[in-house]
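Please read the structure below before turning to the comments.
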Amino acid sequence: MTLLSDFPDLEVPRVRRGEPHTVQTRGITLLRSGHRAVRRLKNQHAPSIHGNKVWNSSFLIMDELNRRRRAGEIGPGSHLMDIGCGWGPLSIYAAKRLGCRVTAVDADPDVFPYLALHAAVNKVEVETLRCRFERLTKQRLAGVDIITGADICFWDELTPVLFNLIRRALGQGVKRIIIADPGRSPFYQLAERCEQHFNARVVERRTQTPRSLSADLLIVDGD
């Protein structure tokens with residue numbers, strides 16, 4: 001397990017509201033690819049598994065988490081695991097706005113400096129874990145309350161891997177799993193399998209912030 005303190009030399013910019021190449025939304029600040037701090041990181045770290053930007057489906061999961069917060073289903077004391085975390089927008093949101101304990105998981109070590117940058121900008125700290133989906137064992141999933149994943153089911157071979165991960169997670173008592181996608185066929189294959197075997201449903205979500213976006217959310221509820 002790696003903590004964000006592993007990047008003591010990280011240069012953290014002072015981000016002003018409305019600054020170019022930034023997004024201020026839902027109480028957090030995110031940096032776009034063109035921001036000078038991100039460009040500096042790119043000289044040393046080049047993510048290889050699509051961890052090269054903030055993915056839009058993250059915002060729709062944030063809104064769903066906020067609904068769950070208002071319903072009293074998630075908040076301080078909850079342990080959220082963000083799989084395929086990338087630059088970490090969901091992880092940052094859950095830590096800063098919901099007060100969750102967060103474990104950010106990705107197979108690509110080169111995404112973690114970007115996540116560390118966002119954590120520092122937002123003045124939060126999360127735990128990070130380099131791990132592939134299929135290696136998230138029952139032991140690693142124990143004690144997790146909710147799992148999120150934005151834009152993570154983009155290859156056909158990921159469908160069975162994620163299905164088995166969801167099955168393991170439910171077996172370990174995870175209360176809810178939320179995976180969002182803009183509409184790729186592997187995601188719908190995963191959703192269909194989950195609807196057949198678990199308490200699962202797909203809901204469409206839209207937002208106008210930070211711009212007009214839509215995605216489908218696969219929501220799987222535990223017992």
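The values are calculated or read from the model by the stated rules, or taken from the named source; none is laboratory data. In this text the structure is predicted, and so the values were computed from the model without any measurement. Here the Cβ is made from the backbone with ideal geometry for all residues, glycine too, and neighbour counts use every protein chain on show.
Check GLU134 against each of (1) crowded, with 20+ Cβ neighbours inside 10 Å; (2) within 19 Å of MET81 (Cα to Cα) and name the one condition it does not meet.
If we test GLU134 against (1) crowded, with 20+ Cβ neighbours inside 10 Å; (2) within 19 Å of MET81 (Cα to Cα), just (1) comes out false.
Would you pick out the residues in the stretch 159-198 that are charged (D, E, K, R) and touching a residue at least 24 places away in the same chain (Cβ under 8 Å)? Before you say what the answer is, go through the steps one by one.
Of all residues in the stretch 159-198, those charged (D, E, K, R) come to 167-168, 175-176, 181, 184, 192-193, 195.
Matches in the stretch 159-198: ARG167, ARG168, LYS175, ARG176, ASP181, ARG184, ARG193.
Quick one: what pairs do we get from the stretch 17-35, first residue of a type in the set (S, T, N, Q), second outside any loop (DSSP other than H, G, I, E, B), C-beta under 6 Å, 6+ apart or different chains?
That search, which allows pairs on different chains as well, returns THR22/LEU31; THR29/VAL121.
Looking for whichever is surrounded by 24 or more Cβ atoms within 10 Å (Cβ to Cβ), among the acidic types (Asp, Glu) and more than 20 Å from ARG167 (Cβ to Cβ) here; the options are ASP82, ASP110, ASP106. Which one fits?
Numbers: ASP82 fails: more than 20 Å from ARG167 (Cβ to Cβ); ASP110 fails: surrounded by 24 or more Cβ atoms within 10 Å (Cβ to Cβ).
Sole residue among the options that is surrounded by 24 or more Cβ atoms within 10 Å (Cβ to Cβ), among the acidic types (Asp, Glu) and more than 20 Å from ARG167 (Cβ to Cβ): ASP106.
Pairs needed: first member in the stretch 57-76, touching a residue at least 40 places away in the same chain (Cβ under 8 Å) and of a type in the set (S, T, N, Q); second member anywhere, part of a helix (DSSP H, G or I) and crowded, with 24+ Cβ neighbours inside 10 Å; C-beta distance under 6 Å; at least 6 residues apart or different chains.
Sorted first by the residue in the stretch 57-76, then by its partner, the pairs are SER58/PRO89; SER58/LEU90.
Could you tell me whether any residue of the stretch 154-169 is in contact with a helix residue (DSSP H, G or I) (Cβ under 9 Å, 6 or more places away or on another chain), of a type in the set (D, E, K, R), surrounded by 19 or more Cβ atoms within 10 Å (Cβ to Cβ) and assigned to a loop (DSSP other than H, G, I, E, B)?
No, the conditions are met nowhere in the stretch 154-169.
Go through the stretch 61-100 and give me each residue that's over 19 Å from LEU218 (Cα atoms) and among the basic types (Lys, Arg).
Within the stretch 61-100, ARG70, LYS96, ARG97 meet the criteria.
Every residue, every condition in (1) more than 13 Å from the chain's Cα centre (by Cα); (2) within 21 Å of GLU204 (Cβ to Cβ), yes or no:
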| position | (1), (2) |
| --- | --- |
| ILE61 | no, yes |
| ARG70 | yes, yes |
| ASP82 | no, no |
| PRO89 | no, yes |
| ASP106 | no, no |
| PRO109 | yes, no |
| ASN122 | yes, no |
| CYS153 | no, yes |
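Among TRP55, TRP87, which is more than 21 Å from PRO13 (Cα to Cα) and either outside any helix (DSSP H, G or I) or modelled with pLDDT of 95 or more (or both)?
Numbers: TRP87 fails: more than 21 Å from PRO13 (Cα to Cα).
From the options TRP55, TRP87, the qualifying one is TRP55.
Going by what's in this entry, would ALA119 be described as surrounded by 15 or more Cβ atoms within 10 Å (Cβ to Cβ), hydrophobic (A, V, I, L, M, F, W, C) and touching a Pro at 6+ places or on another chain (Cβ under 6 Å)?
In short, no.
Looking at VAL111 and the list (1) in a strand (DSSP E or B); (2) in contact (Cβ under 8 Å) with a residue 60 or more places away in the chain, which single condition is not satisfied?
Of the numbered conditions (1) in a strand (DSSP E or B); (2) in contact (Cβ under 8 Å) with a residue 60 or more places away in the chain, the odd one out for VAL111 is (1).
When you look at THR148, is it touching a residue at least 12 places away in the same chain (Cβ under 8 Å), part of a strand (DSSP E or B) and of a type in the set (S, T, N, Q), yes or no?
yes
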